[in-house]
Amino acid sequence: MSDGVMLGIPALPPPVLSERRKTRQLMVGSVGVGSEFPVSVQSMTTTVTADVNATLQQIAELTASGCDIVRVACPSQDDADALAAIARKSQIPVIADIHFQPKYVFAAIEAGCAAVRVNPGNIKKFDDKVREIAAAARDHGTPIRIGVNAGSLDPRLMAKYGKATPEALAESALWEASLFAEHDFHDLKISVKHNDPVVMVRAYEILAEQCDYPLHLGVTEAGPAFQGTIKSAVAFGALLRQGIGDTIRVSLSAPPVEEVKVGHQILQSLNLRPRKLEIVSCPSCGRAQVDVYTLAEQVTAGLEGMEVPLRVAVMGCVVNGPGEAREADLGVASGNGKGQIFVKGQVIKTVPEHQIVETLIEEAMRLAEEMGESAEGVSGEPVVTVG
């Protein structure tokens with residue numbers, strides 16, 4: 001390689017698969033939602049909302065993990081009574097999640113929640129309450145999310161379609177949005193969730209064709225972490241590929257922080273969020289001359305928490321190793337009991353196999369420090385921790 005040729009992550013803006021679908025814009029507290037703002041990541045607390053301290057503690061954990069907006073359940077009067085304190089003390093916008101009792105919609109608006117999610121399919125005589133809800137929401141500047149779920153679809157539409165088809169989900173959401181529009185209320189976000197990614201994707205495609213409201217993406221009841229991650233990634237990828245989607249929630253049978261981690265990774269993989277630490281490692285094969293699995297796990301653990309956009313390649317053979325390592329910010333091509341360490345496309349040293357992990361971590365920390373210094377005064381010094 002000639003001197004002065006520096007590879008690694010290019011300085012040009014990363015490519016995206018499609019332009020965002022143009023939508024109305026709204027503010028959920030301090031977070032902008034719509035095509036003029038980044039796609040935001042949401043999650044939901046699992047605590048009893050009435051337990052204010054426990055709920056705020058979990059919100060703090062979600063905030064630290066990068067959650068943009070948090071939703072809290074409000075199934076009882078005690079929960080409704082706790083909303084004001086939670087909304088006031090949370091560092092991120094709080095959405096109240098309302099089912100069954102329309103009185104809690106008004107309680108959440110009065111409590112100062114950043115938005116209210118309503119499920120028209122299971123709120124008693126919801127359509128008769130739209131005028132009052134629209135008036136209260138307008139007076140307080142509170143956006144409303146119309147959240148249609150396959151498991152609680154309006155009985156009228158179940159009778160019409162026989163089951164929760166994409167058309168039924170979309171029609172339900174559009175009908176409710178039209179009722180709000182009749183009262184000149186348009187600060188709406190819509191979701192139409194289903195546990196089948198194919199049904200869910202088609203429902204959102206129909207919505208995207210027929211309205212310009214921001215859309216919140218979610219595969220409901222997606223399942224345990226592995227299955228739910230796959231379902232969500234497939235569904236979100238299919239929609240974000242078309243520019244459809246303004247907020248997302250990865251619904252997992254797992255701690256809420258895991259939902260946020262997966263959500264961020266999906267957006268980073270599609271270049272819809274700035275990439276942070278990215279480990280590029282080969283799947284291993286008969287050509288590998290080192291234990292790539294262990295090597296990649298140790299490097300990942302050693303760099304956990306790194307916030308700077310650093311691509312680290314951990315390769316186990318001479319076929320793809322040197323090329324992949326050169327195109328990363330930092331990399332190793334391993335074999336014959338040693339590893340060639342690359343930084344920005346240049347071989348800087350060769351180390352014994354037992355020193356590879358230590359060397360990669362040292363170089364990663366040095367690069368992170370340099371990147372932090374170059375960004376100082378713009379976005380501040382990055383947070384770097386080694387676990």
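Figures for the structure shown
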item	result
Approximate spin-label separation Gln77-Arg156, in nm, with each point projected 7 Å along Cα-to-Cβ	3.1
Which listed pairs, of Lys163/Lys189; Lys103/Lys231; Lys22/Lys89; Lys89/Lys231; Lys193/Lys261, have C-alpha distances above 29 Å, in listed order	Lys103/Lys231; Lys22/Lys89; Lys89/Lys231
Segment 11-45 residues near the modelled His186 label - backbone nitrogen below 12 Å, point 7 Å along Cα→Cβ	23-26
Stretch gain in nm, segment Thr294-Glu19, where the contour uses 0.36 nm per residue and the Cα spacing is subtracted	95.1 nm
Solvent-accessible surface (1.4 angstrom probe) belonging to Arg275, in square angstrom, nearest 10	70
For segment 66-216, size of Cβ-based charge dipole, Lys and Arg +1, Asp and Glu -1, in debye	300
Largest-first principal axis extents, alpha carbons of segment 132-182, Å	39, 19, 15
Rounded accessible area of Cys74 (nearest 10 Å², 1.4 Å probe)	0
Met365 versus Ile230: modelled label distance in nm, points set 7 Å from Cα along the beta carbon direction	3.9
Lys344-Glu132 FRET efficiency (beta carbon distance; Förster radius 51 Å; 0.05 resolution)	0.25
R0 of 30 Å, Cβ-Cβ distance Arg88-Ser253: FRET efficiency to nearest 0.05	0.45
Dimensions in Å of the chain - Rg and Dmax from alpha carbons	23.8, 74
Part-to-part distance (alpha-carbon centres) for segment 212-283 and segment 66-105, which is given in Å	23
Projected-area mean, segment 97-229, by convex hull of Cα positions, square nanometres	8.1
Tail fraction, Cα-Cα pairs, segment 54-154, threshold 18 Å, whole percent	45
Per residue, the convex hull volume that the Cα atoms of segment 154-297 enclose (Å³)	149
Nearest-10 value in Å² for the accessible area of Ile123, using the 1.4 Å probe	10
With Cα atoms, 0 to 90° folded angle of helix 166-182 axis to the chain main axis	60
Selected from Pro352, Pro256, Pro197 as most flexible by GNM, with the chain as the system and alpha-carbon contacts under 10 Å	Pro352
Förster-model FRET efficiency, 35 Å R0, Glu209 and Ala301, C-beta, rounded to 0.05	0.15
Stretch gain in nm, segment Gln355-Asp139, where the contour uses 0.36 nm per residue and the Cα spacing is subtracted	71.4 nm
Share antiparallel - DSSP beta bridges, segment 1-120, percent rounded to 5	20
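The values are calculated or read from the model by the stated rules, or taken from the named source; none is laboratory data. The structure displayed is predicted, hence computed values, not measured ones. Don't worry about glycine lacking a Cβ; one is built from the backbone with ideal geometry, like all the others, and counts go over all protein chains shown. These area figures cover heavy atoms from the full protein model, side chains too; ligands, DNA and RNA do not enter into them. Shrake-Rupley method; radii C 1.70, N 1.55, O 1.52, S 1.80 Å.
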